[in-house]
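S.K.: First the structure, which I've put down as structure tokens, then a few questions once you've had a look.
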Ligand SMILES: *Cc1c(COP(=O)(O)O)cnc(C)c1O
């Protein structure tokens, strides 16, 4: 087949994506990330789709922290950690993350995608088993694929199936077994029942790992995440999470856990050994984010008040919502083209909320995923609901 044919095939795949209504447009923002953003070609709009849960993405303290770190350490590290890329500041950030999560230590990566890509392979081998929730984040799925352990999957949040899969793993002769779950399922807005998961894991003497990207900083006491929410901080073996969401939304991921686990990852984790160290600005911004989280009760309270207010009003208006008890509130629409049209009309009405369709969610379950934010006022939330109702009526979704 000719090389030209290769590009023709790409074009036809792209055409098919457009035809199926699955095209994901990227709108251009021309302001800092915040409760309100400027989108090129429209008036300022309410932003309902950032992972900016605590509203810290444009906070002056984080900008100042990043600036100061660049003054102190320059722009880049130009090295992986073990060669000449470890600043004293890296170790301070890692110690602060560990202190916040009440673990022995933590290790940072360029992103949580890398942390999840890194964590399984050095710790689990052919004789081990990984038991994974069917809706876990793509980076967990990829990380597990990179590891030689046997794989078992349980139906999402189904504890009976989890128990059955653990039984199967033991029966197959697994040495160590790791149960891995998202702390919060980001497409649907459900919080994992970590207490019950740990109980089931206990019955089989299995390790437990939580990816807490959509919880770190705002879920549970002190914003310490789903292990704290469920009172199982001592029981969870591995936490992975991100600096790229509630902690300021910059960039960077980490694994937190007991000392030998973190130490071994430093020696063996491939995205750590073969990829650049976190840039100084991200360290400074991340540390400032952690400080604001420590005094963040008011922000967390406002975030959850906004979420409750939006969920109640949208339910009253007749929208089908997914999730519970979390600021991720997906508005279920089903048809991908409808979801795309809905999002476009919302933008005209001053509300920025993105349509999600295949392959990000299963076919036929397209939705507009909204995320509440501590930067919004109650009036903002009410205005968002009004926009949803106006567009919902126009498109025949609600009456
Ligand atoms: C966002 C997210 C990631 C990826 O985090 P990055 O730091 O952006 O790479 C991983 N896992 C979950 C559950 C996420 O929501």
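S.K.: Below 8 Å between Cα atoms, with a sequence gap of 6+, how large is the relative contact order for segment 60-294 in percent?
M.R.: Details: 498 pairs, mean separation 74.1, N = 235.
Worked out over segment 60-294, it gives 32 percent.
S.K.: Between residue 202 and residue 171, what FRET efficiency comes out of the Förster formula 1/(1 + (r/R0)^6) with R0 = 22 Å and r the beta carbon distance, rounded to 0.05? Numbers along the way, then the final one.
M.R.: On the way: r = 18 Å, r/R0 = 0.82.
Efficiency, from the Cβ-Cβ distance: 0.75.
S.K.: Follow-up. I need 59, 204, 214 ordered by Cβ neighbour count within 10 Å, fewest first. Walk me through the numbers on the way to the answer.
M.R.: Working: 59 22, 204 17, 214 28.
Ascending Cβ contact count within 10 Å gives the list 204, 59, 214.
S.K.: Right, next: Could you work out how far helix 60-73 tilts from the main Cα principal axis of the chain, as a 0 to 90 degree angle to the nearest 10?
M.R.: Orientation of helix 60-73: about 40 degrees from the principal axis.
S.K.: How far apart, in nanometres, would the label points at residue 43 and residue 291 be if each is projected 7 angstrom from Cα along the Cα-to-Cβ direction?
M.R.: 3.8 nm
S.K.: PRE reach from residue 68 (point 7 Å along Cα→Cβ): which of segment 282-308 fall under 20 Å by backbone N?
M.R.: 282-296
S.K.: In the Gaussian network model of the chain, springs joining C-alpha atoms below 10 Å, which of 298, 11, 96 carries the largest mean-square fluctuation?
M.R.: In this elastic network of the chain, the residue with the biggest mean-square fluctuation among 298, 11, 96 is 11.
S.K.: Using the 10 angstrom Cβ neighbour count as an exposure proxy, how do 240, 108 rank, fewest first? It would help to have the intermediate numbers written out before the result.
M.R.: Values: 240 31, 108 25.
Ascending Cβ contact count within 10 Å gives the list 108, 240.
S.K.: Another question, then. Using a Gaussian network for the chain with springs between C-alpha atoms less than 10 Å apart, which of these wobbles most: 38, 233, 379?
M.R.: It is 379.
S.K.: Moving on to the next point. Tell me, how many Å apart are the Cα centres for segment 178-225 and for segment 291-336?
M.R.: That distance is 19 Å.
S.K.: What residue among 173, 117, 296 shows peak mean-square fluctuation when the chain is described by a Gaussian network model with Cα springs under 10 Å?
M.R.: 173
S.K.: Separate question: Show me 82-92, 185-195 ranked by packing, highest mean number of other Cβ atoms within 10 Å first.
M.R.: On the way: 82-92: 14.0, 185-195: 21.0.
Result, highest mean Cβ count within 10 Å first: 185-195, 82-92.
S.K.: Moving on. Given points 7 Å out from each Cα along the Cα-Cβ axis, report the residue 19 to residue 61 separation in nanometres with one decimal.
M.R.: 5.4 nm
S.K.: Roughly what would the spin-label model give for residue 305 and residue 12, points 7 Å off Cα along C-beta, in nm?
M.R.: 5.8 nm
S.K.: For the chain, what does -39500 (n - 2.57) per DSSP helix run (n ≥ 4), summed and divided by total residues, give at 222 nm, in deg cm²/dmol to the nearest 500? Provide the component values of the computation, followed by the final result.
M.R.: Values: 14 runs with 167 residues, N = 399.
-13000 deg cm²/dmol, from helical runs alone.
S.K.: With the contact rule set at Cα under 8 Å and sequence spacing of 6 or more, what percent relative contact order holds for segment 260-399?
M.R.: Over segment 260-399, the number comes to 23 percent.
S.K.: Using a Förster radius of 35 Å, what is the FRET efficiency between residue 159 and residue 348 based on their Cβ-Cβ separation? Nearest 0.05, please.
M.R.: Computed FRET efficiency for residue 159 and residue 348 comes out at 0.20.
S.K.: Based on the alpha-carbon gyration tensor of the chain and its eigenvalue square roots a ≥ b ≥ c, which shape applies: rounded if a/c is under 1.5, prolate if not and a/b is larger than b/c, or oblate? Can you show the working numbers first?
M.R.: Values: a/c = 1.43, a/b = 1.25, b/c = 1.14.
Rounded.
S.K.: Assuming R0 = 41 Å, can you tell me the calculated FRET efficiency for the pair residue 102 and residue 79, based on Cβ-Cβ distance, to the nearest 0.05? Intermediate results must be reported in sequence, preceding the final value.
M.R.: Numbers: r = 31 Å, r/R0 = 0.75.
Here the calculated transfer efficiency is 0.85.
S.K.: Sticking with this structure for a sec: What number, in percent, do you get for the relative contact order of the chain if the mean sequence gap of Cα pairs under 8 Å and at least 6 apart is divided by its residue count? Numbers along the way, then the final one.
M.R.: On the way: 813 pairs, mean separation 86.9, N = 399.
This gives 22 percent for the chain.
Just so you know, all these numbers are worked out from the coordinates, no wet-lab data involved. Since we're looking at a predicted model, the values are computed, not measured. Ideal geometry is used to build each Cβ from the backbone, glycine not excepted, and the neighbour counts take in all protein chains shown.
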